[in-house]
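Data block below; observations after.
The values are calculated or read from the model by the stated rules, or taken from the named source; none is laboratory data. Because the structure is a prediction, the values reported are computed rather than measured. Here the Cβ is made from the backbone with ideal geometry for all residues, glycine too, and neighbour counts use every protein chain on show.
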Amino acid sequence: MKFKYQAKTKDGELQVGLVEAGSRDAAVGILTSHDLFILSVESEEKQGISDRISSLFNRIRRKDMLIFTRQLATLLEARLSLSDALKTLRDQTENKLLREAIVQMAEDIDSGLSFSQAMGRQGTVFPQFYIEMARAAEVTGNLNEIAGFLADYAEKEGALAGKISSALIYPGIVLALFVGVAAILLTVVFPSIGTVFAENGVQLPWYTQALLSTGNFLSHWWIVMVGILVIVVLGVANYVNTEEGRAEVDEARIRLPILKKLSVPVIMARFGNAAALLVHGGVPIAQSLEIISSMTGNVLYEDVIHDIANDVRQGKLLSESIAARPEFFPPLVWQMVAVGESTGKTEDMFRRLSGIYSHEADEVSNNLVDLIQPILMIGMGLMVGLLFASILIPIYSLTANIH
């Protein structure tokens with residue numbers, strides 16, 4: 001079996017790679033024998049379809065994660081130890097799955113595991129971004145500061161998700177009603193009316209003919225279509241959870257114009273904030289980049305930032321390496337990094353970058369939310385118009401023939 005690992009050398013250098021072993025314990029033993037401090041060891045065995053599908057339904061609500069993150073940051077700021085803070089949260093958490101994860105984390109920490117290792121063992125509960133930030137906190141020693149950053153980040157994500165959900169509630173209800181009415185019209189009403197039109201020799205428009213054919217097909221094969229739809233949805237969900245599927249989705253996020261406008265600023269904001277925290281903690285740039293590569297939430301950026309880290313190790317300036325990849329980094333990024341390198345204020349430039357792109361992400365998300373409702377309403381209006389025109393125009397022709 002292959003196991004993916006992340007570990008630190010005696011000099012504090014981060015190492016990421018694969019190791020072959022018969023079991024996870026054997027993999028840990030191999031790595032330990034090479035004088036490595038292990039951060040995480042995960043099996044590369046592929047999950048089955050049932051495992052991936054079940055993971056879709058066993059997730060923590062965003063609200064529960066937000067509350068947990070903010071309370072953890074508050075308790076750490078109050079100088080409680082990490083173990084005591086987790087035990088306190090255990091008694092206050094209502095979500096059963098999250099409470100079980102907190103209990104296990106507290107036990108793991110008491111037994112000697114690090115925060116990131118304990119959180120990594122609950123990878124089905126906590127996003128990878130959280131695990132990587134916990135790892136960064138261990139490297140820098142700024143657990144309080146990073147916990148506060150995570151809490152702020154979770155609140156922003158929750159506010160954005162809530163804003164989008166609120167904007168979609170009314171159109172969603174209208175859309176569901178429209179789909180229900182359309183299904184009844186297509187499978188019950190249209191076939192009956194079609195017979196009347198055919199008996200009276202009414203010339204039907206092409207769109208009415210198309211809807212009649214669709215209705216006749218669905219009335220006979222609706223069970224098969226529902227089954228196919230379920231299979232397609234489950235298949236897509238399974239594919240998206242594979243490495244190849246995640247890569248396809250991540251590429252779409254940074255290639256498609258509308259998604260790119262939102263995704264890239266979010267990634268740049270994460271990049272700048274994480275880099276500022278790590279540099280503030282005294283972590284070398286190359287090692288900081290290795291840690292940041294897993295924080296972006298995008299596998300393409302993970303590979304790119306890893307390559308940039310290798311460039312920096314070979315003596316290349318960070319700004320030059322970023323500038324050589326304009327398809328991933330806007331010009332402003334390398335320009336501000338270059339200013340930070342020349343003035344010795346790299347940390348300050350990273351913080352400014354994070355602020356700029358956080359603001360840009362907020363602006364874009366607000367604009368998108370404002371556009372979603374009218375676009376959906378216009379689309380449904382056009383579909384309703386087409387549906388009723390398909391009925392009313394032939395009826396008008398039928399009454400004209402009668403008179």
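When the stretch 100-117 is limited to residues that are modelled with pLDDT under 85 and buried (at least 21 other Cβ atoms within 10 Å of the Cβ), the one that is nearest to residue 297 (Cα to Cα) turns out to be 116.
Confirm whether residue 300 is under 24 Å from the mean Cα position of the chain (by Cα), within 22 Å of residue 153 (Cβ to Cβ) and surrounded by fewer than 19 Cβ atoms within 10 Å (Cβ to Cβ).
Working: under 24 Å from the mean Cα position of the chain (by Cα): yes; within 22 Å of residue 153 (Cβ to Cβ): yes; surrounded by fewer than 19 Cβ atoms within 10 Å (Cβ to Cβ): yes.
The answer is yes for residue 300.
So, residue 202, is that one assigned to a helix (DSSP H, G or I) and either out of contact with any helix residue (DSSP H, G or I) (no Cβ under 6 Å at 6 or more places or on another chain) or surrounded by 12 or more Cβ atoms within 10 Å (Cβ to Cβ) (or both) or not?
On the way: assigned to a helix (DSSP H, G or I): no; either out of contact with any helix residue (DSSP H, G or I) (no Cβ under 6 Å at 6 or more places or on another chain) or surrounded by 12 or more Cβ atoms within 10 Å (Cβ to Cβ) (or both): yes.
The answer is no for residue 202.
Consider residue 214 carefully, then state whether it is farther than 30 Å from residue 300 by Cα and among the polar types (S, T, N, Q). Yes: the conditions hold for residue 214. Does the stretch 250-263 contain at least one residue that is among the small types (Gly, Ala, Ser), in the same structural domain as residue 337 (by TED's automatic domain parsing), surrounded by fewer than 16 Cβ atoms within 10 Å (Cβ to Cβ) and within 14 Å of the chain's Cα centre (by Cα)? Yes, there is a match, as at least one residue in the stretch 250-263 is among the small types (Gly, Ala, Ser), in the same structural domain as residue 337 (by TED's automatic domain parsing), surrounded by fewer than 16 Cβ atoms within 10 Å (Cβ to Cβ) and within 14 Å of the chain's Cα centre (by Cα). The condition (being farther than 30 Å from residue 173 by Cα and either of a type in the set (Gly, Ala, Ser) or in contact with a strand residue (DSSP E or B) (Cβ under 9 Å, 6 or more places away or on another chain) (or both)) is satisfied by just one residue among 355, 385: 355.
Please determine whether any residue of the stretch 241-248 is farther than 26 Å from residue 328 by Cα, hydroxyl-bearing (Ser, Thr, Tyr) and surrounded by fewer than 15 Cβ atoms within 10 Å (Cβ to Cβ). Step through it out loud before you land on a result.
Pass one, the stretch 241-248, residues farther than 26 Å from residue 328 by Cα: none.
Within the stretch 241-248, not a single residue is farther than 26 Å from residue 328 by Cα, hydroxyl-bearing (Ser, Thr, Tyr) and surrounded by fewer than 15 Cβ atoms within 10 Å (Cβ to Cβ).
For the stretch 310-335, the set of residues classified as surrounded by 20 or more Cβ atoms within 10 Å (Cβ to Cβ) and without any contact (Cβ under 8 Å) to a residue 24 or more places away in the chain consists of 319, 321, 322, 334, listed by residue number.
Can you tell which of 62, 70 is within 22 Å of the chain's Cα centre (by Cα), charged (D, E, K, R) and within 18 Å of residue 146 (Cα to Cα)? Walk me through how you get there before you give the answer.
Values: 62 fails: within 18 Å of residue 146 (Cα to Cα).
After ruling out the rest, the residue left standing is 70.
Scanning the stretch 128-155 for residues that are surrounded by fewer than 18 Cβ atoms within 10 Å (Cβ to Cβ) and without any contact (Cβ under 8 Å) to a residue 24 or more places away in the chain yields one hit, 152.
Would you check if residue 176 is modelled with pLDDT under 80 and under 30 Å from residue 372 (Cα atoms)? It is false that residue 176 is modelled with pLDDT under 80 and under 30 Å from residue 372 (Cα atoms).
What residue, of 159, 183, is part of a helix (DSSP H, G or I) and within 25 Å of the chain's Cα centre (by Cα)?
Details: 183 fails: within 25 Å of the chain's Cα centre (by Cα).
Among 159, 183, only 159 is part of a helix (DSSP H, G or I) and within 25 Å of the chain's Cα centre (by Cα).
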